[in-house]
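My structure is below; once you've seen it, I'll send some questions.
Rule-based calculations on the coordinates, nothing more; no lab input. Predicted, not measured: the structure shown is a model, and the values here were computed from it. Reconstructed Cβ throughout: ideal geometry from the backbone, glycine too, with neighbour counts over all protein chains shown.
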Amino acid sequence: MIKQILISDPTLRDGNHACAHQLSLEQIAIYAAAADKAGVPIVEVGHGNGLGASSLQVGLCKETDKDMLETARKHLSKSKLGIHVIPGFATIKRDLIRAIDIGVDVIRIASHCTEADITQRHLGYVRERGKEAYGVLMMSHMASATVLVEEAQKMELYGAEGIIIMDSAGAYLPSDVQEKVTALVNGLKVPVGFHAHNNLGMAVANSITAIESGAKILDGTARGFGAGAGNTQLEVLVAVLEKMGYVTGIDLYKMLDASDIAEDKIMKNVPIIKSESIISGLSGVFSGFAKHVTRISSEYKVDPRDVYRELGKRKIVGGQEDMIIEVVMDLIRNRK
Amino acid sequence: MKKLRVAILGSGNIGTDLLIKIQRSEFLECVLFIGRNLSSPGMAKAIAMGVKVSDESINAIVKNPDAVDLIFDATSAKDAKIHWEVLDKLGKIVVDMTPAKLGVFCIPAVNLDEVLEHRNVNMITCGGQASIPIAYVIGKTQKNVEYIEVVSSIASRSAGPATRLNLDEYIDTTENGIKHFSKVPRTKAILNLNPADPCIDMQTTIFAQVENPDMDSLLYEVDIMVKKIQEYVPGYSLLVPPIFENGRIVIMVKAQGLGDYLPKYAGNLDIINCAAIAVAEQYSKNFNNIK
C-alpha cells in the first residue's frame, strides 16, 4: 500500500510573520521557483494572516496581495498556488474574487476553532468557482476534540474538501494531537490535516503523530520559517517521512537545496525557540503575536513573559493583536 | 409635550431590546410591536408588557397609517427594502437597523441634526457606532491622515447567524461609514469573534496613520466625544486613551450593554439600539420644538 501524504508549504505565508510581513517579490520569486523544482505540491503565499490581512493591527505587508500572488503564479509550474483566507479580514468582493482571477488553485478558509460558521459563504464561493477548498480551524488547542469535530463537520457541509487543524500556539503535546486528529478522522468523510508550531520543540513529532493518527495533509516550511518559534521544518519532515516509507512526491535533495536557498535569500534570522516562545507555547498564545509582544514589551519596559501569561489567561484569539497593548497598559497600571 | 408614536417592525432580539429601551424614553411611545408570529419570545415579552402587537408585518401599518409616526425596521436588509417602498409613500420616518443602506448614515454624536432633513436613517453597523465617532475626531483634529483602521472584537455568543453570514457586508458598510465621516479615503475594518467564557465585552481599537500627529488636541477632543456618546450609550468607555505607538495612533474603546433584553456582554447590539433611540428622540424633540 502506498502511504501518500499531501504537503502544503506556507514558507511564503507563515514566514511573513517571522519578518514582519516584509517578504519582497524577489524573495517570493526565488523560493517559489525552488519549491516548484523540488516538487512541493502546494506553495502558500501572502501576508502572515492571509489574504486582505495587511493592517496596522497585524502588520502592514511590504507587497500587495495582487503582486505577491502574480509573482508566485509566474514561478510555479508544477506546484499549486495556495492562499490562507480568514473571514473578518478578507472579503469575497474586495479580495477573494481577484485572488482566484489571478490563478490561485488552493484556497484554505480559516476561522478560530469554534467559529466555523463564518466560513460558509467563502467556502461556498470557492466551490462555485471550481477551486480546491479547505477548511482551517486555527488555535485548535482551545477547543475539545468533540467541539473540533462539530466545527469541522460544519466546514465539510459548507463544501470543504479537507480540514486542517492548526496548533497556532505551538501548545500541543503528541498525546493531544493523537486525541484530536483521531476524533476528526473518525468524524469526517474528508481528509484531515495538521499545521504545527514549534514552541515546545514538538513540531516534527506532532506532525508524525498526526499522520499515525490518520491525518493525510501536513504543513511544513523551509527551516521552519514561520510565526513565533516557527513551523515544522519541512526538509526534516520530508526526510523523516521518507525514512518511514511515506510518499510526498517531494525530491529530498532538491528540498534541501530549496531550504538552503530560503535560509540564504529570505531569512534574516532562522527561527529558533526563544525563551519567550516557550512561555508563549505554554500559555497558548497565537504565534503571530511574537513580534508585537517583543516590541511593545520593550517599548513600555514590561516582562514579555508576563504579557504572554496574561494574554493566555484572557483567552485572546488570533487577530486580537490590539489586546497586547491593553494587557501591557494594565501591567503598567498594576505595577504602580 | 406629545410623545412621538413609534412602531417596531421585527420581533427578534434587536426589536425586543428596542421595545424595552423605549419604555424608559420621555420622548417616545411604542404604539405597535410587529412581527410575523405571535408565539415568538419577543411577542410574548411585548404582550406581557401590555404593548399592542400585530403578526401582520408591514400590513399592520398600511391598515392604520395614521396611528404611527416613526418605524424602527429591525427585520432584514431584503425586507427593509420592500418595507421602505411602502413606508416612503405613506410619508413615514424609518430608522433602519438592517444593512440595507437606503438612508442617510447616522452617528448620533456626530450628525444628529442632519438626519432631521431625511426620512430614512441608516444606523450603519454596531462596530461603526463604536468606532466612527473616534475616526471622525481623528479626521477633524489631524492633518494628512493617510489611513484609518478599526478592529472590533465581540463575544461569539453575541453574534447570531445573520451577523456570521454577513461578515463581508459588515466590513464593507463599516469601511464606507468611516470614509464618509472621517473624510479619509483609505480605511479598513476587521472583526474578530472571541468565544471566551465568561463572554468578553465588545472592544474596538481605532488605528490611524498620521504624519505629524497632534496628540494634545486628539486627547482633548476624544474625551469630549466619549462624553457625548455616553449621553446615549451609558456603557461606552475609553479603555486606552490616544497613544502614539510604532508610528500609529492607537485608541481603544469598550461598549458594555445595558442588559435590557440582551445580555450585558452584547454591547455590540446595545450600542446600535441606543443610537437608534437617540435618533428617534431627536425627531420627537424636533416636533415638540425642544432644543
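Compute the whole-percent fraction of alpha carbon pairs in the stretch B:1-60 spaced more than 15 Å apart.
Details: 712 of 1770 pairs.
Cα-Cα pairs of the stretch B:1-60 separated by over 15 Å account for 40 percent.
Also, I was wondering about something else. Relative contact order, percent, of the stretch A:86-135 when contacts are C-alpha pairs under 8 Å separated by at least 6 residues?
42
Can you list, largest first and rounded to whole Å, the semi-axes you get for the stretch A:115-159 by taking the square root of 5 times each eigenvalue of its Cα gyration tensor?
On the way: eigenvalues 91, 16, 13 Å².
Largest first, the stretch A:115-159 gives 21, 9, 8 Å.
Another question about this same structure. Residues with beta-carbon under 9 Å from that of B:Asp172, excluding B:Asp172: net charge, scoring Lys, Arg +1 and Asp, Glu -1?
-1
Also: To the nearest 500 deg cm²/dmol, what mean residue ellipticity at 222 nm is calculated for chain A from DSSP H runs of n ≥ 4 alone, each contributing -39,500 (n - 2.57), summed and divided by the residues? Working shown, then result.
On the way: 14 runs with 150 residues, N = 336.
It lands at -13500 deg cm²/dmol.
Tell me, what is the FRET efficiency for B:Ile82 and B:Leu38 to the nearest 0.05, using R0 = 22 angstrom and their Cβ-Cβ distance as r?
With R0 = 22 Å, the Cβ-Cβ based efficiency is 0.55.
Set the Förster distance to 22 Å, then compute FRET efficiency between A:Asp303 and B:Ser237 from the Cβ-Cβ distance, nearest 0.05. Before the final figure, lay out each step's value.
Details: r = 28 Å, r/R0 = 1.26.
With R0 = 22 Å, the Cβ-Cβ based efficiency is 0.20.
If you keep only loop residues by DSSP, which GluC sites (Glu not before Pro) in the stretch A:35-97 have at most 16 other Cβ atoms within 10 Å of their Cβ? Could the numbers behind the result be given before it?
Values: sites: A:Glu44, A:Glu63, A:Glu70; in loops: A:Glu63.
The qualifying sites: there are none.
For chain B, what is the mean residue ellipticity at 222 nm derived from helices alone (per DSSP H run of n ≥ 4: -39500 (n - 2.57); sum divided by total residues; nearest 500 deg cm²/dmol)?
Numbers: 10 runs with 115 residues, N = 291.
Counting only the DSSP helices, I get -12000 deg cm²/dmol.
In the Gaussian network model of chain A, springs joining C-alpha atoms below 10 Å, which of A:Gly226, A:Gly284, A:Gly319 carries the largest mean-square fluctuation?
For chain A, modelled as a Gaussian network with Cα springs under 10 Å, the answer is A:Gly319.
Okay, moving on. Hand me the GluC sites (Glu not before Pro) from the stretch B:1-105 located in a DSSP loop with no more than 16 other Cβ atoms within 10 Å, in residue order please. Present the calculation step by step, with values, prior to reporting the outcome.
On the way: sites: B:Glu26, B:Glu29, B:Glu56, B:Glu85; in loops: B:Glu26, B:Glu56.
The qualifying sites are B:Glu26, B:Glu56.
Considering all projection directions equally, how large on average is the shadow of the alpha-carbon convex hull of the stretch A:115-189, in square nanometres?
Values: hull surface 18.7 nm².
For the stretch A:115-189, the mean projected area of the Cα convex hull comes to 4.7 nm².
Let me ask you something else. Please list log₁₀ I(q)/I(0) at q = 0.09, 0.12, 0.16 Å⁻¹ for chain B, using the Debye equation with identical point scatterers on the alpha-carbon positions.
Log10 of I(q)/I(0), two decimals: -0.42, -0.73, -1.26.
Please report how far the C-alpha centroid of the stretch B:62-82 lies from that of the stretch A:265-334, rounded to the nearest whole angstrom.
49
Using a Gaussian network model of chain A with C-alpha springs under 10 Å, which one of A:Gly46, A:Gly103, A:Gly224 is most mobile by mean-square fluctuation?
Most flexible of the set in this elastic network: A:Gly103.
Same structure again: Over the stretch B:196-291, consider all pairs of different Cα atoms and compute the Kirkwood hydrodynamic radius from their mean reciprocal separation; express it in Å, one decimal.
On the way: mean 1/r = 0.0662 Å⁻¹.
After inverting the pairwise mean of 1/r, the radius is 15.1 Å.
Additional query: Starting from the Kirkwood Rh over alpha-carbon pairs, what translational D in µm² s⁻¹ does the stretch A:234-288 have by Stokes-Einstein at 4 °C and 1.567 mPa s?
Details: Rh = 13.5 Å.
Answer from the Stokes-Einstein relation: 96 µm²/s.
Compare the Cα positions of A:Gly46, B:Asn37, A:Leu60 along the charge dipole of the protein assembly as shown (+1 at Cβ of Lys, Arg; -1 at Cβ of Asp, Glu; about the Cα centre) and return the one farthest towards the positive end.
The one lying farthest along the dipole's positive direction is B:Asn37.
Can you tell me what percent of all Cα-Cα pairs in the stretch B:43-185 are more than 26 Å apart?
For the stretch B:43-185, the share of Cα pairs beyond 26 Å comes to 36 percent.
Which percent of the Cα-Cα distances in the stretch A:45-90 go past 16 Å? Don't jump to the answer; show the numbers that get you there.
Values: 381 of 1035 pairs.
Percent of Cα pairs beyond 16 Å in the stretch A:45-90: 37.
Across the stretch A:215-336, what fraction of all alpha-carbon pairs, as a whole percent, falls in each successive 5 Å bin from zero upward?
Taking every Cα pair in the stretch A:215-336, the percentages come to 2, 11, 18, 17, 14, 12, 10, 8, 5, 2, 1, 0.
Rank by packing, highest mean first: peptides B:221-232, A:234-245, with packing defined as the count of other Cβ atoms within 10 Å averaged across residues. All intermediate terms of the calculation are to be shown ahead of the outcome.
On the way: B:221-232: 17.2, A:234-245: 18.9.
Averaged packing, sorted descending, gives the order A:234-245, B:221-232.
Can you compute 3J(HN,Hα) from phi for each residue in the stretch A:232-245, using the Karplus curve 6.51 cos²θ - 1.76 cosθ + 1.60 with θ = phi - 60°, rounded to whole Hz and x for Gly and Pro?
Once θ is set to phi - 60°, the couplings for the stretch A:232-245 become 5, 6, 4, 5, 5, 4, 4, 5, 5, 4, 4, 4, 7, x Hz.
Over the residues of the stretch B:123-162, compute the C-alpha Rg and express it relative to 2.2 N^0.38 Å. Walk me through the numbers on the way to the answer.
Details: Rg = 13.1 Å, N = 40, 2.2 N^0.38 = 8.9 Å.
For the stretch B:123-162, the normalised Cα radius of gyration comes out at 1.47.
Right, another one. If you take the C-alpha gyration tensor of the stretch B:182-227, multiply each eigenvalue by 5 and take the square root, what semi-axes do you get, largest first, in whole Å?
Values: eigenvalues 146, 55, 17 Å².
Three semi-axes, in Å: 27, 17, 9.
Right, next: Enter the mean projected area of the convex hull around the alpha-carbon atoms of the protein assembly as shown, in nm², rounded to one decimal. The partial results should precede the final answer.
Numbers: hull surface 113.6 nm².
Over every viewing direction, the Cα hull of the protein assembly as shown projects on average to 28.4 nm².
What is the Cα radius of gyration of the stretch B:58-134 over 2.2 N^0.38 Å, N being its residue count?
Here the Cα radius of gyration is 1.12 times the empirical estimate.
Pick from A:Leu56, A:Leu256, A:Leu282 the residue whose mean-square fluctuation is largest in a GNM of chain A, springs joining Cα atoms under 10 Å.
A:Leu56
Would you grab the residues whose amide H sits under 5 Å from the one on B:Phe105? Only those 5+ places off in sequence or on another chain, please, with H modelled 1.01 Å from N.
Those lying under 5 Å, H to H, from B:Phe105 are B:Asn122.
Give me B:Thr75, B:Thr141 sorted ascending by neighbouring Cβ count inside 10 Å, so fewest comes first.
On the way: B:Thr75 25, B:Thr141 20.
So the residues, fewest neighbours to most, are B:Thr141, B:Thr75.
Sorted from largest to smallest, which semi-axis lengths in Å does the alpha carbon gyration tensor of the stretch A:53-120 give for its equivalent ellipsoid, taking the root of 5 times each eigenvalue? Walk me through the numbers before you get to the answer.
Details: eigenvalues 92, 49, 22 Å².
Taking √(5λ) for each Cα gyration eigenvalue gives 21, 16, 11 Å.
Then there is this: Can you pull the mean other chain C-beta count within 10 Å for peptide A:53-61? If you can, show how the numbers build up before the last one.
On the way: counts 2, 1, 7, 18, 10, 2, 1, 5, 0.
Counting other chains' Cβ atoms within 10 Å and averaging over A:53-61 gives 5.
Cut-off is 10 Å between beta-carbons; in what order do A:Val185, A:Val136 appear when sorted fewest neighbours first?
On the way: A:Val185 17, A:Val136 28.
Starting with the residue having the fewest Cβ neighbours, the order is A:Val185, A:Val136.
Using bins 5 angstrom wide from zero, how does P(r) for the stretch A:1-129 break down, in % of all Cα pairs?
Final binned percentages: 2, 11, 22, 23, 20, 13, 6, 2, 1, 0.
List A:Arg108, A:Arg121, A:Arg335, A:Arg129 from most exposed to least, where exposure is judged by having the fewest other Cβ atoms within 10 Å.
Working: A:Arg108 31, A:Arg121 20, A:Arg335 9, A:Arg129 14.
If I rank by nearby Cβ atoms, fewest first, I get A:Arg335, A:Arg129, A:Arg121, A:Arg108.
Can you list residues whose amide H is under 5 Å from B:Asn192's amide H, if they're 5+ apart or on another chain and H is modeled 1.01 Å from N?
B:Ser152, B:Ser153, B:Ile154
Here's a follow-up. Can you divide the C-alpha Rg of the stretch B:143-215 by 2.2 N^0.38 Å and report the result to two decimal places? Please report the intermediate quantities before stating the final value.
Numbers: Rg = 14.3 Å, N = 73, 2.2 N^0.38 = 11.2 Å.
Cα Rg divided by the expected 2.2 N^0.38 Å: 1.27.
For the pair B:Asn59/A:Asp251, report the inter-label distance in nm, with labels modelled 7 Å from Cα in the Cβ direction.
My value for the distance between the label points is 7.4 nm.
Would you work out the charge dipole size for the protein assembly as shown about its Cα centre, treating the Cβ of every Lys and Arg as +1 and the Cβ of every Asp and Glu as -1, and quote it to the nearest 20 debye?
Details: 68 positive and 74 negative charges, 138 e Å.
Dipole size: approximately 660 debye.
While we're here: Pull up the cross-link candidates among the aspartates and glutamates for B:Lys52, meaning alpha carbon to alpha carbon under 12 Å and not fewer than 8 places away within one chain.
B:Glu29
Where q = 0.10, 0.11, 0.12, 0.17 Å⁻¹, what log10 of I(q)/I(0) comes from the Debye formula for the stretch A:142-295, counting one point per Cα?
So the normalised log intensities work out to -0.36, -0.44, -0.52, -0.99.
Please give the direction-averaged projected area of the C-alpha convex hull for the stretch B:1-125, in square nanometres with one decimal. If you can, show how the numbers build up before the last one.
Numbers: hull surface 29.8 nm².
Computing the convex hull of the Cα atoms and averaging its projections yields 7.5 nm².
Tell me which residues come under 5 Å, amide H to amide H, from B:Ser11 once H is placed; ignore anything under 5 positions away on its chain.
Residues meeting the amide H criterion: B:Arg36.
With each pseudo-label sitting 7 Å past Cα toward Cβ, what's the A:Arg129-A:Lys265 distance in nm, one decimal?
2.7
Go through the stretch B:19-119 and name the trypsin sites (Lys or Arg not before Pro) that are in a DSSP coil and have 12 or fewer other Cβ atoms within 10 Å of their Cβ. Intermediate values should be presented prior to the final figure.
Details: sites: B:Lys21, B:Arg24, B:Arg36, B:Lys45, B:Lys52, B:Lys63, B:Lys78, B:Lys81, B:Lys89, B:Lys92, B:Lys101, B:Arg119; in loops: B:Arg24, B:Arg36, B:Lys52, B:Lys92, B:Lys101, B:Arg119.
Sparse-neighbourhood loop trypsin sites (Lys or Arg not before Pro): B:Arg24.
Of all beta bridges DSSP finds with both residues in the protein assembly as shown, what is the antiparallel percent, to the nearest 5?
Values: 24 of 86 bridges.
Percentage antiparallel, nearest 5: 30.
Evaluate the stretch B:108-262: find the radius of gyration of its Cα atoms, find its Kirkwood radius, and give the ratio Rg to Rh.
Values: Rg = 15.3 Å, Rh = 16.0 Å.
Rounded to two decimals, Rg/Rh equals 0.95.
Among DSSP beta bridges lying fully in the stretch B:135-240, give the percent that are antiparallel, nearest 5. Please report the intermediate quantities before stating the final value.
Working: 8 of 16 bridges.
Of those bridges, close to 50 percent are antiparallel.
A follow-up question, please. Viscosity 1.002 mPa s, temperature 20 °C: give me the Stokes-Einstein translational D for chain A in µm²/s, with Rh taken as the Kirkwood radius over C-alpha pairs. Please report the intermediate quantities before stating the final value.
Working: Rh = 19.5 Å.
It comes out at roughly 110 µm²/s.
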